[in-house]
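Encoded as structure tokens, the structure appears first; notes follow it.
Just so it is clear, none of the values below were taken in a lab; they were calculated from the coordinates. This is a predicted model, so every value here is computed, not measured. Cβ coordinates were reconstructed from backbone atoms using ideal geometry, including for glycine residues, and neighbour counts include every protein chain displayed.
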């Protein structure tokens, strides 16, 4: 059977009925289902649901146990990818990076408990939600039959707060790094009023960053109102390059900027564009080896502009489908997965643009931020 990750094989009806009978009569399983308040499922080796506890039925809005017996976990929680392949949950391209699928596959193959974080997008009642679960898969035997105990703890709210906290300090530190660099230059060069103006501008950026975080607190609800203004692109790039040069984490790496058209003027929200470009640059630099180069250029058109950031590093193919998914990150620990997600949220929800990428071993990785030219209203003047 075709699959992109876990086995596609399912149990026969007879084997499924036998497993249901054994689990329903086993006092250990019965006690477990009544005593654990989180989401608990009993699976067979083919990752099909044999039984779930009442808490899981209630959380998933399922009326009776019979309706989920034989399904796989992704189908039960209504993961949007669960039915994208003929053999369902565990066999699609997305499943290769799914924490729940990996935990189950490891527990089955290695005969030992496995714990992972699962970032899932589910659709219920026509509405999509981003969820995050801590998943534990534990292999057990009852009456000679093999089962998998699956514990799923919904940590979406905790993860969201962790992400926001991490993102806040991440952006704050970026701005403060620029301030510290400015203060160092001030001590060396005694520039006077010009430096005072620079510090004032940076404090303004910090204030706007906090405002943008208030938008992120509401996830997909766009409450931030962009302020459109005319921006000299070359001046903005000078500011960004100054910030990056003051960031010690990027030492030993080079930024190659293709000069934009002289006097190129954009009409957009300065704080949003600055934040998105800064994140694009930092992401590219973090994926660049010491001595490497990050390149930037603009692809202009009559109605919009594409801001392009390139580095040599290729994004693994199994990671690419999840680049913009909230909660998902290739870095360890909680509080990750907001950088690219926030760029997509701001670009699409607030500014009416888009952000895409292309990544191959031959050409490296290019992120393109496409923004339409905004219009200045009377309230923006």
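Table for the structure above
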| read-out | value |
| --- | --- |
| Separation in nanometres of the label points that stand 7 Å from Cα toward Cβ, at residue 368 and residue 125 | 3.9 |
| GNM flexibility winner over the chain from 269, 305, 189 (Cα, springs under 10 Å) | 189 |
| Cα long-axis angle, helix 156-189 against the chain (0 to 90 degrees, to the nearest 10) | 20 |
| Degrees, to the nearest 10: 270-286 long Cα axis against longest axis of the chain | 70 |
| Neighbour-count ranking [beta-carbon atoms within 10 angstrom, fewest first] of 242, 147 | 242, 147 |
| 170, 205, 327 arranged by Cβ crowding within 10 Å, fewest neighbours leading | 170, 205, 327 |
| Of all DSSP beta bridges in the chain, antiparallel share, percent nearest 5 | 95 |
| Degrees separating the helix 233-245 axis from the principal Cα axis of the chain, which is the longest one | 70 |
| Exposure proxy order (Cβ contacts within 10 Å, fewest to most) of 264, 21, 134, 302 | 302, 21, 264, 134 |
